Amino acid sequence: MSGNANGSPENCAPVRIAPWRATCIQTRSRLAVKGSDRLAAWAIIKENIDHALGLIDAATQSAAPPALVVLPEFALQGPPHGLPAADWIEKACCPIPGAITEPLQGLARRRQIYIGAHQFESDPEWPGRYFNQYQLPDRPRRRRDPALSAGQYRGISFAA
């Protein structure tokens, strides 16, 4: 097969992607590790989620709203700060989909955007371990399973 001057096949059209906007939000967050128990930690996490949802919602109200909004690592739960893995899992981790992803997915659907967010995930298939997970709940698409996201990256953190 022969190519044109830039090396691409002659019968292929160049890919055209419409311009889109991304917004990175830096937010204050409280540390779930400072909660005295699971209930107190999840009150902190819920407060962090609600705060982030408000910031994301405000970012989408502009004349040129973003197609992608990303939050920093630790924005929703904070880091475990040396807490033993079993204690951190009990205090602040949850599965995906779950209590952290569901409100983000709902806002992504309502606003027709992608939201990139980090959470510490617990998975019953891996007892005693948690994952440093970055997920991208997306706007609705024609899929069989609406709980699926556009992408996930599961990082492995080794407990000290």
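The values are calculated or read from the model by the stated rules, or taken from the named source; none is laboratory data. None of these values were measured; they are calculated from a predicted model. Counting neighbours? That spans all protein chains shown, and the Cβs are built from the backbone with ideal geometry, glycine included.
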Would you be able to tell me the number of residues in the range 10-42 that are surrounded by 10 or more Cβ atoms within 10 Å (Cβ to Cβ), under 24 Å from residue 69 (Cα atoms) and of a type in the set (A, V, I, L, M)? 4
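Out of the residues in the range 109-130 meeting the condition of being more than 13 Å from the chain's Cα centre (by Cα) and crowded, with 20+ Cβ neighbours inside 10 Å, tell me which one is nearest to residue 60 (Cα to Cα).
Step one: of the range 109-130, the residues more than 13 Å from the chain's Cα centre (by Cα) are 109-112, 122-130.
If we keep only those that are crowded, with 20+ Cβ neighbours inside 10 Å as well, we get 122, 130.
Numbers: 122: 31, 130: 32 Å.
So the residue we want is 122.
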Out of the range 79-88, which residues are surrounded by fewer than 20 Cβ atoms within 10 Å (Cβ to Cβ) and either touching a residue at least 24 places away in the same chain (Cβ under 8 Å) or not in a helix (DSSP H, G or I) (or both)? 79, 81, 82, 83, 84, 85, 86
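Identify, from the list 107, 53, 71, the residue that is without any contact (Cβ under 8 Å) to a residue 60 or more places away in the chain, under 30 Å from residue 128 (Cβ atoms) and not small (Gly, Ala, Ser). Can you show your working first?
On the way: 107 fails: under 30 Å from residue 128 (Cβ atoms); 53 fails: under 30 Å from residue 128 (Cβ atoms).
Just one listed residue meets the conditions, 71.
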Determine which member of the set 98, 106, 54 is among the small types (Gly, Ala, Ser), surrounded by fewer than 17 Cβ atoms within 10 Å (Cβ to Cβ) and more than 30 Å from residue 127 (Cα to Cα). 54
Which condition number does residue 89 fail, the rest of (1) within 23 Å of residue 28 (Cβ to Cβ); (2) at pLDDT 95 or above; (3) hydrophobic (A, V, I, L, M, F, W, C) being met? (1)
Every residue from the range 121-146 that is at pLDDT 85 or above, of a type in the set (D, E, K, R) and within 17 Å of residue 103 (Cβ to Cβ): 121
Residue 48: passes all of (1) under 13 Å from residue 111 (Cα atoms); (2) in a helix (DSSP H, G or I); (3) touching a residue at least 12 places away in the same chain (Cβ under 8 Å) but (1)
Filter the range 57-68 for residues that are free of Cβ contacts under 8 Å to residues at least 40 places away in the same chain and either closer than 18 Å to residue 30 by Cα or among the aliphatic types (A, V, I, L, M) (or both); the one that is surrounded by the fewest Cβ atoms within 10 Å (Cβ to Cβ) is 63
Just to check your reading of the model, which residue among 117, 108 is on the phi < 0 side of the Ramachandran plot, modelled with pLDDT of 90 or more, of a type in the set (A, V, I, L, M, F, W, C) and part of a strand (DSSP E or B)? 117
Check 58, 41 and return the single one that is touching a Gly at 6+ places or on another chain (Cβ under 7 Å) and either of a type in the set (Lys, Arg) or in a helix (DSSP H, G or I) (or both). 41
